[in-house]
1. Would you pull out the residues with amide H under 5 Å of GLY351's amide H, same chain only if 5 or more places away, H placed 1.01 Å from N?
2. I need the peptides 137-149, 77-89 ranked by packing, meaning the mean over residues of other C-beta atoms within 10 angstrom, with the highest value on top.
3. Taking the highest mean first, how do the peptides 182-194, 245-257 order by number of other beta carbon atoms within 10 angstrom per residue?
4. Using a/c under 1.5 as the rounded threshold, could you call the range 41-173 rounded, prolate or oblate? The axes a ≥ b ≥ c are square roots of the C-alpha gyration tensor eigenvalues, and prolate needs a/b larger than b/c, oblate otherwise.
5. Okay, helix-only estimate at 222 nm for the chain: each DSSP H run of n ≥ 4 adds -39500 (n - 2.57), divide by all residues, round to 500 deg cm²/dmol; what do you get?
6. Run the numbers for SER95 and ARG2: contour at 0.36 nm per residue of separation, minus the present Cα-Cα distance, in nm.
7. Using Cα pairs under 8 angstrom and six or more residues apart, how large is the relative contact order of the chain, in percent?
8. Give me the mean projected area, in nm² to one decimal, of the convex hull enclosing the Cα positions of the chain.
Amino acid sequence: MRTQAFAKALAEAEKIIAGAPHVASEQDLAEGYDYLAGSIQASLRLAWAYQRDFPYFVSSTGPYAKMGLDNPDTLYFHAYLRDDAEYVVTGRRGSTADLSFQVLKGDYSPVEVPDSLSAFDDRAIDIAADGTFELRFGPSAPGDRRNYFRLGAGSSMLLVREVYSDWAAERRGTITIRRADRAGCAPPAATDPGAQARRYAVAGKILLSRLRTFLAFPEWFYLQEPVNTMTPPRPTPGGLATQFSSAGHYDLGDDQAMIVTVPAAGRDARGLAPYQGIQLGSMWYVSLDYINHQTSLTAHQARIDPDGRMRFVISEQDPGVANWLECAGHRRGYVQIRWQRLTRDLTPADGPQVAVVPFAGLPGLLPYYEGARVSPEDWRARIAARQAAVAERMLG
């Protein structure tokens, strides 16, 4: 059977889901099987996209195939590379808050984060007046060539992130990749059944590695911190040079709320960060439902109080304020703030302050409570806008 290796991996994957240490309810298990379904889809897609001589960009994660505490504001794409070949990347810059590129060595595993060999955003490249650009990645030294980036030894993947701040107004761009010396050529036809069997085996390995890795990830970066706290801003591990993050995990009763207060970086006169966003994640280390619930907010979407700060309320009950982040039935979970395209390193003063308070006391604890209130009708309109924006974004 050509699919036997993948079928065996599926059986092992189900054991990983059922035996995950955080599973404590039927909801946890149901979400785990949903997470598994998305991971199966992604693993098959990624195994068939492993084309280093005829590469193309594949969506790394999305609303229905999540992994790695995916950012609801980001479109992720990656293509596989050889470190001894030259690749041409062409595209048109959209109007999103950020567009960035990262070359990775290796892949995520349960014991390590892949090395980032180079990382930069579109401020480092020449873009034509009409938004088009061409980049080259290869083994040679760039010399004085603009838009040329050297592939270090072991380079295996090019990751591209397109990041939205204003979901309603910003539009995605386009991007393609090809190996420079394969233009006009075609890949070999798929005539070897053994090769297809090997792809199924690779898909199984991707699936198991994906599940094990991102269940281990929180132990490295989140769960060692005290519960209901957030770290000072720090460079995102394995991420971009101009990205910082603040991370934490929460555990809240139905009668509790967490208030996260953070300066709005976009209001900084120096243009500190055009992208700043906060999100919640489940114990499966994936984003909560950000389409049908407000489980994330960017600085564009959030209410900024008159003192230049954003005050987010994380709770199960509806506090009736604009910056409510819905737990959506998740007593425990992860919370993360990201800043991208930074013009300077962040300090603790740029980061969040966190307080866990009785839910009933919120009106007296939010200094601009009255101005932050929204009606049920306004809330439904906010959710409808999220649903429409994600649908449009996914269709491109």
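We did not get these values from a lab; they are worked out from the coordinates using the rules stated. Remember, predicted model here, so these are calculated numbers, not experimental data. Here the Cβ is made from the backbone with ideal geometry for all residues, glycine too, and neighbour counts use every protein chain on show.
1. Close amide H contacts, sequence-distant or interchain: none at all.
2. 77-89, 137-149
3. Highest mean packing first, the order is 245-257, 182-194.
4. Since a/c reaches 1.5 but b/c is at least a/b, the shape of the range 41-173 is classed as oblate.
5. -8000 deg cm²/dmol
6. 29.0 nm
7. 18
8. That works out to 20.9 nm².
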